[in-house]
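Reviewing the structure listed below.
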Amino acid sequence: MGEAFTPQNRLAVSRRSVLGGTAALGATALVSSLGIGPAVAQPKKGGTIRFGIASGNTNDTYDPAVWDNTYSQVFAFARNGYLVEIASDGSLVGEVAESWTSSPDAKVWTFKIRSGVEFHSGGTVTPDDVVASINYHRGADSSSAAKPFLAPVTDIASDGNTVIFTLDAGNADFPYVVSDYHMPILKSSDGKIDPTSGDGCGPYKVTNFKPGYIAELTRNPNYWKSDRAHFDAVVLMAIVDPAARQAALMTGNVDVVDQVDLKTVHLFQRAPGVQIVSATGGQHYTFAMDTRAAPFNDNNVRMALKYAIDRQELVDKILFGYGSVGNDHPISPANRFYAADLEQTSYDPDKAKYYLKQAGLSSLDLQLSASDAAFGGAVDAAVLYSSKAEAAGINIQPVREPNDGYWSDVWMKKPFCAVYWTGRPTEDATFTLAYAAGAPWNDTYWDNERFNRLLSEARSELDEAKRADMYREMQNIVRTDGGTIIPMFASYVMALSDKVSHPEKVAANWPLDGLRATERWWFS
């Protein structure tokens, strides 16, 4: 039994390496194929790996526009290919795209499409498939969560074996945009894709899918990556209850579980045949306030609630040290433009009372919805928050919501609720997804004019120092005006059978090795 802890992943590459996709690809591929670095056992083919995943809904679907939980995301990467891949060290490597280049102002991006990548149903990926797959998330009729990422794209066209993206302004991070899990490359017909199809060009083929319960896949024999997809078959099971996940691993009914219940992680650490893997990145847990609804439409109330929470207590008692204190913005120390010098908001009942008074209130009564589907320990976190907020005259009633349907019936429906967010590789991706005005996943419905203007300007600013200043200001605006309380950043903590092997470095940009454990791991 062993504990594998990975150092904090910077999840960033230089502008030069993003703009010069070919060079970055060559160097990374060399490291991967030659095994440079600490010695790791060579992967072996075979076996059926079973995952117990702490999310999944009966509403889950093949439609990439609406994927919103770890289960659907792992399922997506198991069967799909993407233009580019975020490697374990945070760099970009080519996938369906063999290489990429940009114009000097980063407004025109050209991706060379790899030849010979085959769909499960037959036929090879073409530039037209790429165009149709990305266009699915664009346009007035699109309701895709990826639509805001692609709003700056004014045109996509195929030319020979390339796909050319034209943007309305420069974006030095654009290759990261098309790595998003919502944007798999799917087979097209007459310029359209079928979002209800389980077909793909990734490592595994779907044989059975019952949303909210189980997905079964077998290895794609024609997968172009000969050094990946080591398992004969993959089984993904939605096991939302943490005790059930723990029991499933301990009894040998699954081989891997994510979101280990940190209250009982010591049981895994002592159990024979079990290993703990922890990776620190941008994952964070939040309490989201609907800024359209009273009393959260008053920033004084929002600030009072930010000073009424004991962040260190939550890190100690909910994360058991597997994480760090947050400061009410979503950019982590793992990000390139993290603003380390911002004043830390800390527990201060007197300041909370002050802000309540500024809102014309002497006390405040609220309900806070939470569930373990939001994050492990979310209900306990709400109880701790409630006990500390009392000193400020804030009476929070924790409401335990059902695990099933939490993301469809509670999140973005109830005005105050617990949420988890996995980290994004760039500041622009994080802010565009959940903080830009009108973004489908802006779960606080927040709209700040200065923030929105800076978001647009920073995206096209090629001077790194100026970008850093812009992102610092944006982090501060979210911290002091936003509708999200972010008390803590949480490590990804997973438990594995000791028969499961993985690369020395496990990615921290997403859980389960960047959501690619089905492709990257193997049985020893």
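Read the figures in this text as sums done on the coordinates, not as results from a lab. Bear in mind the structure is a predicted one, so any value in this text is a computation, not a measurement. Cβ sites come from the backbone with ideal geometry, for glycine too, and all protein chains shown count toward neighbours.
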Cα centroids of region 378-400 and region 116-161: how far apart, whole angstrom? 45
For the Lys357, Lys413 Cβ pair and Förster radius 25 Å, calculated FRET efficiency rounded to 0.05 is 0.20
19 Å tail of the calculated P(r), region 129-190, as % of Cα pairs: 25
How large is the charge dipole for the chain, taken about the Cα centre, if only the Cβ atoms of Lys, Arg (+1) and Asp, Glu (-1) carry charge, to the nearest 20 debye? 700
Per the 1/(1 + (r/R0)^6) rule, R0 = 25 Å and r from the Cβ atoms of Lys192 and Val108, FRET efficiency to 0.05 is 0.50
Is there a pair in Lys112/Lys187; Lys353/Lys414; Lys357/Lys388; Lys147/Lys205; Lys466/Lys505; Lys205/Lys414 whose C-alpha atoms are over 29 Å apart, and which pairs would that be? Lys466/Lys505; Lys205/Lys414
Pull up all non-local amide H partners of Met488: gap of 5 or more, or a different chain, and H-to-H distance under 5 Å with H placed in the peptide plane. Tyr285, Gly326
Check the straight Cα-Cα distances from Lys351 and name the aspartates and glutamates below 17 Å, setting aside those fewer than 8 residues away within the same chain. Asp298, Asp310, Asp328, Glu343, Glu390, Asp481
Using DSSP, restrict attention to beta bridges with both residues in the chain and report what percent are antiparallel, rounded to the nearest 5. 75
Once you charge only the Cβ atoms, +1 for Lys and Arg and -1 for Asp and Glu, what is the size of the charge dipole of region 154-272 about its Cα centre, to the nearest 20 debye? 560
How large, in Å, is region 284-490 by the Kirkwood hydrodynamic radius built from its alpha-carbon pairs? 17.1
Residues in region 47-73 near a label at Ser121, defined as backbone nitrogen under 19 Å from the 7 Å Cα→Cβ point? 61-66
For the chain the mean separation of alpha carbon contacts under 8 Å (6+ apart) over residue count, i.e. relative contact order in percent, is 23
Given the DSSP H assignment, sum -39500 (n - 2.57) over each helix run of at least 4 residues in the chain and divide by its residue total; what's the result at 222 nm in deg cm²/dmol, nearest 500? -7500 deg cm²/dmol
Would you list, by chain and number, the lysines whose Cα falls below 19 Å from the Cα of Lys499, excluding same-chain residues fewer than 8 positions away? Lys44, Lys45
Cα gyration tensor of the chain - equivalent ellipsoid semi-axes, whole Å, descending: 36, 28, 21
